[in-house]
Number of protein chains: 2
Amino acid sequence: MIKKIDHIAIVAPDLDEATGFWAEALGLPITRIADVPEEEVTVAFLPIGDSNLEILQPTNDSSGVGRYLQKRGPGMHHICLEVEDIDAVLTKLQAANVPLINSEARVGHGGTRYAFIHPKGTGGVLIELYEVAAAA
Amino acid sequence: MIKKIDHIAIVAPDLDEATGFWAEALGLPITRIADVPEEEVTVAFLPIGDSNLEILQPTNDSSGVGRYLQKRGPGMHHICLEVEDIDAVLTKLQAANVPLINSEARVGHGGTRYAFIHPKGTGGVLIELYEVAAAA
């Protein structure tokens, strides 16, 4: 059902400063930096093993990630798990009364489908589920 | 220098309840549950892709993990990165003035060598470095 950790997301007030640590001090490559206007963040992608780090800088204080940074400070934000069939996982979680932020999958970058599980149902961890788009 | 994410550690007040979510609702296997007296935790190991989740239940409130749980609540605790040569990484981090919790590697389970980087040097993320013991 769960294939791997697609990424760990880390929130930072300043993307340059944060990537300076991960890329310069630890030597991880940065493969892409992208604006994601629908989430009001700028994101740096750093592959590591079969997974990625995603460093998120909120573009304003009133977005979801911006408010998280104000409240909790910089650090780990969420874990994203790649699943084979996101609809099947969401159906199973709803049957188990696990609270979901998105009860139906949303469509993101490149046709991937994703949904967030509420941290009050997971022991305090914000979890994103992610189903990679099938090749055309 | 960095090979992969060895594990993501999650702190929970009750191991049975936490593993119930990850193992039952998400279907991840639990391969081992172990007491780690030197860290004052009981740990469940759940493999995922080329990585693992480690669910930590502190065995008392005064340990490092116990105090973290009191202060921050349940959720993500640290990220562990597997490295090829932990001494080389620690030397490089010290040269870059990154604050370390362990300036020299400690020896843990099965001869693995590990050290923690202080979150004030990483943008708020507690990072463990981990070098797997060479085969005998």
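The orientation-averaged projection of the convex hull spanning the C-alpha atoms of the protein assembly as shown amounts to 14.6 square nanometres.
In straight-distance terms, cross-link reach from B:LYS71 covers every one of the lysines whose alpha-carbon lies under 16 Å from its own, apart from those fewer than eight places away in the same chain; here that gives A:LYS71. Determine the residues within segment A:59-87 where the difference in accessible area between the chain on its own and the full set of protein chains amounts to at least 50 Å²; count protein heavy atoms only and use a 1.4 Å probe. Hits at the 50 Å² cut-off: A:ARG72, A:MET76, A:ILE79. For the pair A:ARG106 and A:LYS3 in one chain, pulling the backbone fully straight at 0.36 nm per residue adds 35.2 nm over the alpha carbon distance.
A simple rule links phi to the HN-Hα coupling: the Karplus curve 6.51 cos²θ - 1.76 cosθ + 1.60 with θ = phi - 60°, which for segment A:79-86 gives 10, 10, 9, 7, 10, 6, 9, 5 Hz, with x for Gly and Pro.
Scanning residues 5 or more positions from A:VAL41 or on other chains, those with amide H under 5 Å from its amide H are A:VAL36, A:THR59, with H placed 1.01 Å from N in the peptide plane. For the Cα trace of segment B:1-43, dividing Rg by the Kirkwood Rh returns an Rg/Rh value of 1.02.
In this assembly, the B-A interface accounts for approximately 3000 Å² of buried accessible surface in total, computed with a 1.4 Å probe and without ligands, DNA or RNA. Computed from phi, the 3J(HN,Hα) profile of segment B:92-103 under the Karplus parametrisation 6.51, -1.76, 1.60 (θ = phi - 60°) reads 5, 5, 5, 5, 8, 6, 7, x, 10, 6, 10, 6 Hz, with x in place of Gly and Pro.
Each peptide in A:44-51, B:35-42, A:30-37 was scored by the mean count of other Cβ atoms within 10 Å over its residues; highest first, the order is A:44-51, B:35-42, A:30-37.
Across peptide B:22-29, the average count of Cβ atoms from other chains found within 10 Å of a residue's Cβ is 5. Averaged over its residues, the protein assembly as shown has an accessible area of 47 Å² per residue, based on protein heavy atoms and a 1.4 Å probe.
Remark on chain B: hydrodynamic radius 15.6 angstrom, per the Kirkwood mean of 1/r across alpha carbon pairs. With viscosity set to 0.890 mPa s at 25 °C, what whole-number translational diffusion coefficient in µm²/s follows for segment A:31-93 from Stokes-Einstein and a Kirkwood radius over Cα pairs? Rounded, D is 182 µm²/s. Couplings for segment A:3-15, taken from phi via the Karplus curve 6.51 cos²θ - 1.76 cosθ + 1.60 with θ = phi - 60°, read 8, 5, 7, 5, 7, 10, 9, 10, 9, 9, x, 9, 5 Hz in order; Gly and Pro are left as x. For segment A:2-131, the residue among A:THR19, A:ILE30, A:ALA115 whose Cα projects farthest onto the positive side of the dipole built from Cβ charges is A:ALA115.
Can you tell which of B:HIS118, B:HIS109, B:HIS77 shows the greatest fluctuation in a Gaussian network model of chain B with Cα springs below 10 Å? Maximum fluctuation in the GNM of chain B, among the listed residues, is at B:HIS109. Rounded to the nearest 20, the size of the Cβ-charge dipole of segment A:2-131 about its Cα centre is 480 debye, with Lys and Arg at +1 and Asp and Glu at -1. Placing unit charges on the Cβ atoms only, positive for Lys and Arg and negative for Asp and Glu, gives the protein assembly as shown a dipole magnitude near 380 debye about its Cα centre. Peptide A:39-49 has a mean of 2 when you count, residue by residue, the C-beta atoms of other protein chains within 10 Å of its C-beta.
The values are calculated or read from the model by the stated rules, or taken from the named source; none is laboratory data. Source: prediction; values computed, not measured. Ideal geometry is used to build each Cβ from the backbone, glycine not excepted, and the neighbour counts take in all protein chains shown. Just the protein is used for accessible areas: all its heavy atoms, side chains included, with ligands, DNA and RNA removed. Shrake-Rupley method; radii C 1.70, N 1.55, O 1.52, S 1.80 Å.
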